[in-house]
Amino acid sequence: MVTQNELNQKGKEAVMSFDDEAAIEVAEECIKADLDPVLLIQDGFTAGMNAVGEQFEKGTIFLPHVIAASDAMSAGVKILGPALEKSTSKQDAKETVAIGTIEGDIHSIGKDIVATMLKIAGFNVIDLGRDVPIANYVEAAKNGAQIIASSALMTTTMVLQMKLEEQLKEAGVRNKVKTMVGGAPATQAWADKIGADIYAEDSAEAVVKCKSILNL
Ligand code: B12
């Protein structure tokens, strides 16, 4: 029987070798062996994406490889959807989180994972998509979302998380919502600097902090 570590390693290798079919097989194996899908995503697929990112930075692989790796990861995560719902105790929070990747930024994998984990935790999640105009977040705030969450994967787009804070204030809705920021370049110091209410490093922390700030 495969162990969790072996499975995670296989997941990492599937992403690093841009292999959709292998990623799907690993995800199916995870379900069959009743292993933890969250660990497979975090320590398997995501570890693979990070390794691919490092190779991209060094210039040993190119953009089409990164696209192929992210496709493999998405294919695996898709299979894990139902298993994820079973693995986490579902709560009946009906609070709404509107989440999207900020304007100018099309990186969606991390945002999708955070959205999935929040949904599983019982939040009503409005996925605004990627390359989301600031006005759409403001609209979601006006329409009653309790938490406005933005993802930014580039130093050039994370500055728009600051613009989002400003535009929520200008629209007179900043005090009605909590804001949450995340994505690889974001940090707690960044959140403090721009006045965001929550920074979370990953999806698990995002769930804990969203519940905590809404006293759930
Ligand atoms: C995959 C990838 C892509 C894919 C994206 C596919 C997709 N559908 O998302 C593609 C190939 C399309 C792509 C394109 C580009 N990319 Co790119 N990409 C990456 C890569 C390798 C991995 C990102 C990823 O998915 N990681 C896996 C996920 C699971 O991790 P994550 O996103 O960090 O998410 C976790 C946490 O950050 C957090 N989180 C994420 N979002 C949120 C939101 C909230 C609210 C919270 C609380 C938490 C949270 O939780 C997640 C789960 O734990 C990174 C390198 C890296 N190591 O980050 C570069 C990287 C982000 N890309 C980069 C660049 C430059 C680009 C391009 C401009 C390349 C180009 N020359 O065209 C374009 C961008 C186009 C655009 N306008 O956006 C740079 C950014 C550099 C910078 N300035 O900061 C990086 C860092 C690579 C590099 N070192 O050069 N990219």
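Being free of Cβ contacts under 8 Å to residues at least 40 places away in the same chain and surrounded by 15 or more Cβ atoms within 10 Å (Cβ to Cβ) is the filter here; which residues of the stretch 172-184 pass it? Val173, Arg174, Val177, Lys178, Thr179, Val181 - these are the residues of the stretch 172-184 that are free of Cβ contacts under 8 Å to residues at least 40 places away in the same chain and surrounded by 15 or more Cβ atoms within 10 Å (Cβ to Cβ). Scanning the stretch 155-165 for residues that are near the ligand (Cβ under 9 Å from one of its atoms) and either crowded, with 19+ Cβ neighbours inside 10 Å or outside the structural domain of Lys111 (by TED's automatic domain parsing) (or both), we see that the one that is farthest from Glu95 (Cα to Cα) is Thr157. Taking the residues in the stretch 180-200 that are near the ligand (Cβ under 8 Å from one of its atoms) and touching a Lys or Arg at 6+ places or on another chain (Cβ under 9 Å) as candidates, determine which candidate is nearest to Gln146 (Cα to Cα). Among them, the one singled out is Met180. Residues in the stretch 142-152 that are surrounded by fewer than 23 Cβ atoms within 10 Å (Cβ to Cβ) and either in contact with a Pro (Cβ under 6 Å, 6 or more places away or on another chain) or within 23 Å of Thr187 (Cα to Cα) (or both): how many? Residues that pass the stated criteria total 1. Every condition in (1) within 7 Å of the ligand (Cβ to nearest atom); (2) in contact with an Asp or Glu (Cβ under 9 Å, 6 or more places away or on another chain) holds for Ala152 except the one numbered (1). In this structure, Ser203 does satisfy being crowded, with 20+ Cβ neighbours inside 10 Å, near the ligand (Cβ under 7 Å from one of its atoms), at pLDDT below 95 and not assigned by TED's automatic domain parsing to the domain that holds Gly81.
The values are calculated or read from the model by the stated rules, or taken from the named source; none is laboratory data. Computed from a predicted structure; not experimentally measured. With ideal geometry, Cβ positions are generated from the backbone for all residues, glycine too; neighbour counts draw on all protein chains shown.
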